[in-house]
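Report on one structure; see the data block that follows.
What follows draws every value from the coordinates through simple rules; no lab data is involved. Since this is a predicted model, take the numbers as computed values, not measurements. A quick note on method: Cβ atoms are made from the backbone with ideal geometry, for glycine too, and the neighbour counts reach across all protein chains shown.
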Amino acid sequence: MSRQFKISQILNKIFFFFIFFLPHELLASPCGNPNNIVIGEGSGFIATYDLKKSNITFGTNTNIFHRISDNLYSFNIFACTSGIFKLKKDDRKETSLFEINNGEVETSSYSFNRVLKGRTDKVATTFNVTDPSGKKLWPDGKCLSHSAIQNKDGEQEVKHKNSNCRALDRLSVQIDYQEKLKSGKYDVNYFVIDKGRDRKYIFKLVDTQVIDTIFGKTETILIKKIIEGNKRNTLTWYAINHAFIPVKIEQYRKKTLKFTAYLTSYTD
């Protein structure tokens, strides 16, 4: 085994497990924009959502899409309980790092942190790990991605293989799909590594509707997302004249509506 390959393995291990030893205080950032990221013109957006069930707001969700440099981007989601529901602590932070080249998203890494009372769940995934020669393809002709997972069931490391080297995470797939919508593509399938699990996402066009949003009367495209082999599905209304930002989201378990997310503020 070459010295370069050994160094690569060590660096991967550091990435997988570094997140496991962060102090809980660093993971419990408030909802909103805790890093005070400023979005310059044309460099991203900040979108905030209220999460409601039976017309009661139980949580807030802030999405921050930010261009770091050239083709490198980050997408962060901060979610937490709100109002009286803060008594049941459930704060979450997700981060995706990726490049956008010719309208195609290529994911580099993803992390998920969930802080509950008495427990912290964590996932860290690196995508399309390179071999010592700098190639993405491994001997079996498939790309290799790694996830390190810590939850109530303990710790584990998972290896993911995909034949077309196009695996995305649950955040970067949202950005890629918005890019597809801009080019008029509605029915799209993805291979997604979703918090350490291999998933097939299926997006299908349902309808076009005009609904009331923070932008006023808004023309939207209604899309259904199905996760193959999963009981959950999602309906999302994308604003046609506002960069296809999601303005309303309904999540279902089979046919039962679990919650609705409404866009409450948007800055680009």
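Some notes on this structure:
- In this structure, the pairs whose alpha-carbon distance is over 19 Å, taken from Lys224/Lys255; Lys180/Lys224; Lys159/Lys180; Lys231/Lys258; Lys152/Lys231, are Lys159/Lys180; Lys152/Lys231.
- Net charge, Leu257 excluded, C-beta distance under 9 Å - Lys, Arg +1, Asp, Glu -1: +3
- Cβ-defined net charge surrounding Glu99, 10 Å radius [Lys, Arg +1; Asp, Glu -1]: -3
- Which of His242, Ile214, Tyr201, positive extreme of dipole for region 177-268 (C-beta unit charges): Tyr201
- Computed over region 153-244, Kirkwood Rh from alpha-carbon pairs, angstrom: 14.7 Å
- Least to most buried among Thr220, Thr120 (fewest other Cβ within 10 Å first): Thr120, Thr220
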